[in-house]
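Everything below concerns the one structure shown next.
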Amino acid sequence: MVARTVIRKDQSKGNEHFYYCVKKERKWVTDKPKDNEKWVRGRTCEMTKSLNIPLTDALVWERVVETVSQSHLMKEMFKANILKDKFSKDEEYKKNLRDENRKERRLKKDLETVEVSIASIETDKLLKRMDASVYRRVRKNLTGELEDVRNDL
């Protein structure tokens, strides 16, 4: 349907304005009807009805005013459509932050465990409870592990 104004003269009602389909007018020029089909309804367009412009405009205007006056509906639509991505990104950020905090706590515990182990083997070496060759290998392994944990932390 195309927004188009037609003024129809009617003796009882006066002038009336209507929205109607203009396909009929366009087809009239290019497609000349046969004499028996000339005034058949729906020949050029299935849309045989029209809308009264003042009534249609009033109805549309009432809906617009109603929608704007109930702005909470517009806000909810905005939240649902636009802010959906923002909220999902915030949730993703919070999840990543929690995961990083857990990883940091785990690495700190590992660091403390390695340091305690180094102190333990140093004590064993000083008290002559451990052989020197075993001490060097264990110390080398624990030093490598300490560096790895510090780098990860």
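The values are calculated or read from the model by the stated rules, or taken from the named source; none is laboratory data. Worth saying up front: this structure is predicted, and the values here are computed from it rather than measured. Cβ sites come from the backbone with ideal geometry, for glycine too, and all protein chains shown count toward neighbours.
Count, please, the residues in the stretch 49-91 that happen to be more than 30 Å from the chain's Cα centre (by Cα) and either outside any helix (DSSP H, G or I) or among the polar types (S, T, N, Q) (or both).
5
Only one of (1) at pLDDT below 85; (2) surrounded by 10 or more Cβ atoms within 10 Å (Cβ to Cβ); (3) among the polar types (S, T, N, Q) fails for T56. Which number is that?
(1)
Closer than 30 Å to H17 by Cβ, of a type outside the set (D, E) and outside the structural domain of H17 (by TED's automatic domain parsing): is that true of A119 in this structure?
The answer is no for A119.
When you go through (1) modelled with pLDDT under 80; (2) under 30 Å from D152 (Cα atoms) one by one for N101, which number turns out not to apply?
Single failed check for N101: (1).
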